[in-house]
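The values are calculated or read from the model by the stated rules, or taken from the named source; none is laboratory data. Predicted model only: the values in this text are computed from it and were never measured. Methodologically, a virtual Cβ is constructed for each residue, glycine included, from the backbone with ideal geometry; neighbour enumeration extends over all protein chains shown.
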Amino acid sequence: MAEYMRVTVRIRPIEPGQTPFLSFDNATEEVFVATGKRIVEGCVEGYNGTMFAYGQTGSGKTHTMLGAEPIEQGLYHEQNRGIIPRAVQHLFELLQEKKSKSAGEFNYVAHARFVELYKDELHDLLGPNNQLKLRDYGEDVVVTGAEERQIDCTQDALNILKLGFDNRKVGGTAMNQHSSRSHAIFIMNIETKETVGNFTTKRKSQLNLVDLAGSEKQQSARSSGERFKEATHINGSLSVLGRVIRSLAANPSKYISYRDSYLTHILRNSLGGNSRTVVIVNVHQNPEYASDTISSFAFAESCSKITNRVKVNEDLEGDSLTAWKEEVKRLKGELIAAHNNSKLGKSITE
Ligand SMILES: Nc1ncnc2c1ncn2[C@@H]1O[C@H](COP(=O)(O)OP(=O)(O)OP(=O)(O)O)[C@@H](O)[C@H]1O
């Protein structure tokens, strides 16, 4: 099924506390309800999902994805939570609800990995390995070498997020005291198994929750030394992302060079592939950054033209396939009988 990538724009107030467009306390909840909820609901039904925040440095990506600072506020205080903690909470609520309402037996297992792309290298945010690799398995791209943790409930996920965000590279620039110096990617793999009578359905999905580092102009961020080197890598990977997005928007059937950066390689399925994807474009309200805002809007426009090829990742186990086939045959029989009895007289072929 072809499905457009969805785009939402969030405007940061000039100074935190000013609320000219929306109540900023409610904005994260509004963004989540408008975009993220559907992605998470899809994951429970076996659809891959991705949410990522894009925008210039200091525009509010981490505020949107993680929540208010400090980390404890953003994760553990419901009102201040960002998209990522809201998504994991909603996910576990849905899984629990499905378990309690299932007409048969419903079980799930979820695992998480949390990695960052720092200066063009993939680092594990949950373990010591700084030499992670990407492997292609068909259309899926898997990060190998990263610690994988089982998560049983929202609290487990929040603790893992806390550990990862504590380990993430952050540094001060003239534009942002706590500027992210890496792209952070929280990856959850969800597997469900439901048995009702003779039918067993297994589903699996991947949920990618991404807080990108922001594009940075040296003259505004006044970065030098290590900060400047980091900014060069950040800008480089974001420019590959922009190129991939523009290519997909212009002509998706042409060869797309995902492998030009780890960032686009790891997100390959999310960009034009088998995933429901939402992009939250953060912009600064300050007129000083008008040219960055215009280029972020151009990025948003290209994203909105991209269609992904979304499909449910489902397996019918053992006898289930035979049982489903018999069920389809029986229903077709009923349909034919119903039509034959109706006055329309239309014929149906098996
Ligand atoms: N919607 C908002 N309401 C109130 N404060 C905000 C909002 N968005 C961002 N801020 C504040 O602005 C500052 C910069 O935000 P944040 O760190 O999220 O930006 P960023 O886009 O992630 O930057 P970078 O790319 O440098 O990491 C933070 O102090 C944050 O708390």
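A few notes on this one:
- Condition check for residue 200: within 16 Å of the ligand (Cβ to nearest atom), farther than 24 Å from residue 269 by Cα and at pLDDT below 90: no
- Of note, residue 262 does not satisfy the criterion of being in contact with a Lys or Arg (Cβ under 6 Å, 6 or more places away or on another chain) and at pLDDT 90 or above.
- Residues that are of a type outside the set (A, V, I, L, M, F, W, C), surrounded by 22 or more Cβ atoms within 10 Å (Cβ to Cβ), assigned to a strand (DSSP E or B) and touching a Ser or Thr at 6+ places or on another chain (Cβ under 7 Å), drawn from the stretch 185-214: 211
- Residues of the stretch 228-240 classified as surrounded by fewer than 20 Cβ atoms within 10 Å (Cβ to Cβ) and either without any contact (Cβ under 8 Å) to a residue 60 or more places away in the chain or not in a helix (DSSP H, G or I) (or both), total: 5
- Scope the stretch 251-265; condition farther than 16 Å from residue 233 by Cα and either touching a residue at least 24 places away in the same chain (Cβ under 8 Å) or not assigned by TED's automatic domain parsing to the domain that holds residue 139 (or both); matching residues: 252
- Residue within the stretch 212-219 that is out of contact with any helix residue (DSSP H, G or I) (no Cβ under 9 Å at 6 or more places or on another chain), free of Cβ contacts under 8 Å to residues at least 24 places away in the same chain and either in the same structural domain as residue 112 (by TED's automatic domain parsing) or within 14 Å of the ligand (Cβ to nearest atom) (or both) present: yes
- Hits in the stretch 49-76 (condition: farther than 27 Å from residue 288 by Cα and either assigned to a helix (DSSP H, G or I) or in contact with a Gly (Cβ under 8 Å, 6 or more places away or on another chain) (or both)): 49, 51, 71, 72, 73, 74, 75, 76
- Consider the stretch 1-27 and keep the residues that are modelled with pLDDT of 85 or more and touching a Ser or Thr at 6+ places or on another chain (Cβ under 7 Å). The one that is nearest to the ligand (Cβ to nearest atom) is 10.
- The listed residue being surrounded by 13 or more Cβ atoms within 10 Å (Cβ to Cβ) and part of a helix (DSSP H, G or I), out of 157, 146: 157
- From 295, 275, 237, residue being touching a helix residue (DSSP H, G or I) at 6+ places or on another chain (Cβ under 7 Å), within 16 Å of the ligand (Cβ to nearest atom), in the same structural domain as residue 151 (by TED's automatic domain parsing) and among the small types (Gly, Ala, Ser): 237
- Residue in the stretch 96-111 that is in contact (Cβ under 8 Å) with a residue 12 or more places away in the chain, touching a Leu at 6+ places or on another chain (Cβ under 6 Å) and within 13 Å of the ligand (Cβ to nearest atom) present: no
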